[in-house]
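Each remark here refers to the structure printed beneath this line.
The values are calculated or read from the model by the stated rules, or taken from the named source; none is laboratory data. Remember, predicted model here, so these are calculated numbers, not experimental data. Quick reminder, even Gly has a Cβ in these numbers, built from the backbone with ideal geometry, and neighbours come from all protein chains shown.
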């Protein structure tokens, strides 16, 4: 099977080699530096006690100084799992969450066509480069010189010029023997709607070649020399080679530089990157004329854990930063975030470097702000909070933003940071108690939650419970024993969040192989063992509560198994929903508490107890524990111990 162009590059981009290899080795904590993607361990390919196996996670490459084994993630899987190339690709794709391309008999044809297009792009790059040094390119040379770019800079970045002629490039490439269809397909020319002679896409523009990680020219960016041009900057269209949402300008050189300095700078445009690189900041990249995409973020994070977004200090730059915050929040992981360097208003990196020098640029980069600052600024920008309703609106907006953060630990730290900023914002509004002059009942003044409340069983029970993993195991075991049920519960299984070690991979394998198992449990488990290895299945079957389950110990009616599977899925969803409500209530509990929070906690407790009531056996220690917990929670709610009554 031939893979489509770019698939392996995308696979390597989305995969951490350290995670792949980390399942087989124990890293040497003294020699390794995870922050820089630098790992050392005893070699998994030969017997040794010293750590001579080195892995560079940024470059995606390993090498053993003892046995000289070397390679990337695919070669590591092939060697350690004893599988072929395509099997290794499939295993890595499942781990990266990529869908294997359908078997395409035309894939090799596409690959060959991509090679042809890349050759056309290189010829075009040479043509544009030569044109910069002609009489027609004099104005472009003067412009570049005015921006401080000399011949060496032009040569380094391959800067060229597209003559202000309708057919200069197409004519030159045609004389070199290239077909017009190929030139159009490469995005270099446009064919009129009436099917007439193609004409050049880039005319009267300074040309910046855009290259991929491998250094191939895949597209061009053109800056208009005419100030009245409809578009100041123009990029190549999407082609077989070029996907602008998955590409970054200067990505190849920046990848190597980022591995050395442990960081990445993301500027707005070509000239910014060129100015930064020439000033010594070689780890600089730029998106290609559009807002940064999720794919570009993942690409950046493969190069550095915390890229610095350096944006122009104007309203447009700030708006771009705010949009990026919304995109990045759901993707955050521990040790993987963004920082923002907002330049002085009216200046871009090129302006700043020329006006104030390298030291000023470095100082701004060192002072880059964490993303939570931008989130806070985005939420309060232009708003006045002079009423309870407006402050409640702020709270609702902050909770909505927090809800988009998938990682629980990061969400908690963001909540804490935002609470601190909220407290500082409203501090002037909190003065000494004043006499109540409104008549009627004196209100209960909400106060901070007591330490006892925050440490109660209800408050502490907000994360994943060990019983969750037992229930997850039962769900997976039922699917393995009754493969015919997988199709019926496919949607619920796909949505299910799994916390047990290896359970996510097992679920993916079940969904992939159950349709062809024909209801045969043995066939399904053999297929899964071949796909992901035996370890996860062995660990699952070793669990004691599965060994004694009547549903698994012997074959039962399939309808009974279906009811059991539906019940386990429902219980897990109910308990986690209640836990989520309690977690949100805890966010409130660190601030002011009112009767609304009391009701929310009560509802959450009742929902959770209802779910557990159908699971725990009647009588015995577990039942007593449940009743004790329920009584404790109800007393806590009834007494409202966190509300200080004014007597």
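Going residue by residue through region 224-237, is there one that turns out to be within 23 Å of the chain's Cα centre (by Cα), more than 21 Å from residue 137 (Cβ to Cβ) and either part of a loop (DSSP other than H, G, I, E, B) or in the same structural domain as residue 137 (by TED's automatic domain parsing) (or both)? No. For residue 500, the test of being surrounded by 17 or more Cβ atoms within 10 Å (Cβ to Cβ) and modelled with pLDDT under 80 is passed. On the basis of being buried (at least 17 other Cβ atoms within 10 Å of the Cβ) and either part of a loop (DSSP other than H, G, I, E, B) or not assigned by TED's automatic domain parsing to the domain that holds residue 168 (or both), does residue 214 make the cut? Judged against the criteria, residue 214 is not a match.
This table checks each residue for (1) in contact with a strand residue (DSSP E or B) (Cβ under 6 Å, 6 or more places away or on another chain); (2) part of a helix (DSSP H, G or I); (3) surrounded by 13 or more Cβ atoms within 10 Å (Cβ to Cβ); (4) modelled with pLDDT of 90 or more.
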| position | (1), (2), (3), (4) |
| --- | --- |
| 409 | no, yes, no, no |
| 417 | no, yes, yes, yes |
| 423 | no, yes, no, no |
| 427 | no, yes, no, no |
| 432 | no, no, no, no |
| 440 | no, no, no, no |
| 472 | no, yes, yes, no |
| 480 | no, yes, yes, no |
| 492 | no, yes, yes, no |
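Being part of a helix (DSSP H, G or I) and in contact with a strand residue (DSSP E or B) (Cβ under 7 Å, 6 or more places away or on another chain): is that true of residue 285 here? For residue 285, the condition - part of a helix (DSSP H, G or I) and in contact with a strand residue (DSSP E or B) (Cβ under 7 Å, 6 or more places away or on another chain) - is not met. Considering every residue within region 183-192, establish whether at least one is at pLDDT below 90, part of a loop (DSSP other than H, G, I, E, B) and surrounded by 15 or more Cβ atoms within 10 Å (Cβ to Cβ). There is no residue in region 183-192 that is at pLDDT below 90, part of a loop (DSSP other than H, G, I, E, B) and surrounded by 15 or more Cβ atoms within 10 Å (Cβ to Cβ).
Restricting attention to region 505-522 and to residues that are closer than 24 Å to residue 23 by Cβ and surrounded by fewer than 18 Cβ atoms within 10 Å (Cβ to Cβ), the residue that is modelled with the highest pLDDT turns out to be 511. On the given criteria, is residue 286 touching a helix residue (DSSP H, G or I) at 6+ places or on another chain (Cβ under 9 Å), within 17 Å of residue 212 (Cβ to Cβ), crowded, with 24+ Cβ neighbours inside 10 Å and modelled with pLDDT of 90 or more? Considered against the rule, which asks whether it is touching a helix residue (DSSP H, G or I) at 6+ places or on another chain (Cβ under 9 Å), within 17 Å of residue 212 (Cβ to Cβ), crowded, with 24+ Cβ neighbours inside 10 Å and modelled with pLDDT of 90 or more, residue 286 comes out as yes. State all residues of region 130-167 that are assigned to a helix (DSSP H, G or I) and touching a strand residue (DSSP E or B) at 6+ places or on another chain (Cβ under 6 Å); if no residue qualifies, say none. Correct list: 131, 132, 137, 140. When region 76-102 is filtered for residues that are over 24 Å from residue 494 (Cα atoms) and at pLDDT below 80, the ones remaining, listed by number, are 81, 82, 83, 84.
Matching residues to (1) part of a loop (DSSP other than H, G, I, E, B); (2) surrounded by 21 or more Cβ atoms within 10 Å (Cβ to Cβ):
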| position | (1), (2) |
| --- | --- |
| 290 | yes, no |
| 297 | no, no |
| 301 | no, yes |
| 311 | no, yes |
| 320 | no, no |
| 328 | no, yes |
| 340 | no, yes |
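So, in region 529-546, exactly how many residues are on the phi < 0 side of the Ramachandran plot and in contact (Cβ under 8 Å) with a residue 40 or more places away in the chain? Quick ask: steps written out before the conclusion?
Just the residues of region 529-546 that are on the phi < 0 side of the Ramachandran plot, to begin with: 529-532, 534-546.
Keeping just the survivors that are in contact (Cβ under 8 Å) with a residue 40 or more places away in the chain gives 531-532, 537, 540-541, 543, 545-546.
Total meeting the criteria: 8.
Being touching a strand residue (DSSP E or B) at 6+ places or on another chain (Cβ under 6 Å), without any contact (Cβ under 8 Å) to a residue 60 or more places away in the chain and either assigned to a helix (DSSP H, G or I) or farther than 24 Å from residue 256 by Cα (or both): is that true of residue 18 here? When the stated conditions are applied, residue 18 passes them.
Regarding residue 24, is this residue more than 24 Å from the chain's Cα centre (by Cα), in a loop (DSSP other than H, G, I, E, B), touching a residue at least 40 places away in the same chain (Cβ under 8 Å) and not assigned by TED's automatic domain parsing to the domain that holds residue 295?
Working: more than 24 Å from the chain's Cα centre (by Cα): yes; in a loop (DSSP other than H, G, I, E, B): yes; touching a residue at least 40 places away in the same chain (Cβ under 8 Å): yes; not assigned by TED's automatic domain parsing to the domain that holds residue 295: yes.
Judged against the criteria, residue 24 is a match.
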